[in-house]
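These notes concern the structure reproduced below.
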Amino acid sequence: MEPADATRMILSESAPHPELLRLARHSHEELSHGRAVPHETLSEMLREAARKDVYGPLRRRYGVPAFDAMVEAPAREIDRLAPAPVRAR
């Protein structure tokens, strides 16, 4: 699954939650147009979706395999964009 598809799935359940709606809409629009979304924005979108308990309805609506793919797509993008942490010696 592509990150734009994953954000569209989250967007479909975000209407009752203004902050999540804003994050999901912005992320979806940017990704749909081929632009990168900062990893902080994607991370906040996933956190806000968890906080607002949007994952339960998404899991029921799309099924567990699709839900897992939906969470993995932005997580891979976050991993790709986030700077690697510096380890102290």
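Rule-based calculations on the coordinates, nothing more; no lab input. This one's a predicted model, so the numbers in the text were calculated from it and none came from an experiment. Using ideal geometry, Cβ is built from the backbone for each residue, glycine included, and neighbour counts are taken over all protein chains shown.
Details
- Segment 9-43: trypsin sites (Lys or Arg not before Pro) in DSSP coil with no more than 12 other Cβ atoms inside 10 Å: Arg35
- Relative contact order of the chain, defined on C-alpha pairs under 8 angstrom at six or more residues apart (%): 37
- Binning all Cα-Cα separations of the chain at 10 Å, short to long from zero, yields these whole-percent fractions: 18, 52, 23, 6, 1.
- Residue with peak Gaussian network fluctuation, the chain [Cα springs, cutoff 10 Å], from Pro74, Pro18, Pro38: Pro18
- Relative to the current alpha-carbon distance between Arg61 and Glu40, full extension at 0.36 nm per residue lengthens the span by 4.9 nm.
- For Glu19, net neighbour charge (Lys/Arg +1, Asp/Glu -1) across residues whose Cβ lies under 15 Å away: 0
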